[in-house]
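Below is one structure, written out as structure tokens; comments come after it.
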Amino acid sequence: MKSQLTTEKDGCYLMLHRVTKKNDINHDKWIGVGGHFEEHESPEDCLKREVKEETGLTIDSFRFRGIVTFISDDDPAEYMHLFTTDSFHGDIIDCDEGKLEWYPIDKIDELELWEGDKIFFRLLRENAPFFSLKLVYKKGKLIEAVLNGNKLTNES
């Protein structure tokens, strides 16, 4: 399991361009900040620790926005707890996983994102109520998206 945070300031999200790590499934992709749980961590514990480690920022408050289930080929399912915040303090540090950059929310889809990430970023922009999103990938291509138990089509 992992937690991810979308940090907002002045109409922008803080995004991480994954360009540093070798053999990274996210190499060259833009993602939110976050990571995997450590032993005995709650989603909120993981969120606070990962954000501090990756960005140097301390979260003052946050909003739990949804759960995303990733299914990819024959790998075990991965579950992501998705949070947003606009309340934080501190100075951004260099991240050893890539380059951090504030990017305009209305232009997020222009970045090199996973197809499924575009769906949950849209839901965040639309201020959707708490949601459950299942994303199914085969060989890196999104083949199915299910929102709150209902299969999404290209139009939804």
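The values are calculated or read from the model by the stated rules, or taken from the named source; none is laboratory data. Computed from a prediction, not measured in an experiment: that's the story for all the values here. Note: ideal-geometry Cβ built from the backbone for every residue, glycine included; neighbour counts use all protein chains shown. Keep in mind that these areas ignore ligands, DNA and RNA; they rest on the heavy atoms of the full protein, side chains included. Shrake-Rupley method; radii C 1.70, N 1.55, O 1.52, S 1.80 Å.
For this structure, a couple of remarks:
- Whether the range 1-86 is rounded, prolate or oblate, judged on the alpha carbon gyration tensor where a/c under 1.5 counts as rounded: oblate
- Seen through its C-alpha gyration tensor, with square-root eigenvalues sorted a ≥ b ≥ c, the chain comes out rounded because a/c lies under 1.5.
- Helix 43-55 and the long axis of the chain differ in direction by around 60°, with both axes built from C-alpha atoms.
- About the Cα centre, charge dipole magnitude for the range 27-156 (Lys/Arg +1, Asp/Glu -1 at Cβ), debye: 660
- Estimated vicinal HN-Hα couplings, Hz - the range 100-111 in sequence order (Karplus 6.51, -1.76, 1.60; Gly, Pro = x): 8, 8, 6, 10, x, 4, 6, 10, 4, 5, 6, 6
- In the context of the full set of protein chains, residues of the chain present 56 Å² of accessible surface per residue (probe radius 1.4 Å, heavy atoms only).
- Dividing the summed helix terms, -39500 (n - 2.57) for each DSSP H run of n ≥ 4, by the number of residues in the chain produces a 222 nm estimate of -5000 deg cm²/dmol to the nearest 500.
- Averaged over residues, the count of other Cβ atoms within 10 Å places the peptides 59-67, 142-150 in the sequence 59-67, 142-150, highest first.
- Separation of alpha-carbon centers, the range 78-117 and the range 13-62, rounded to whole Å: 9
- Using a simple spin-label model with pseudo-atoms 7 Å out from Cα toward Cβ, Ile92 and Arg49 lie 2.5 nm apart.
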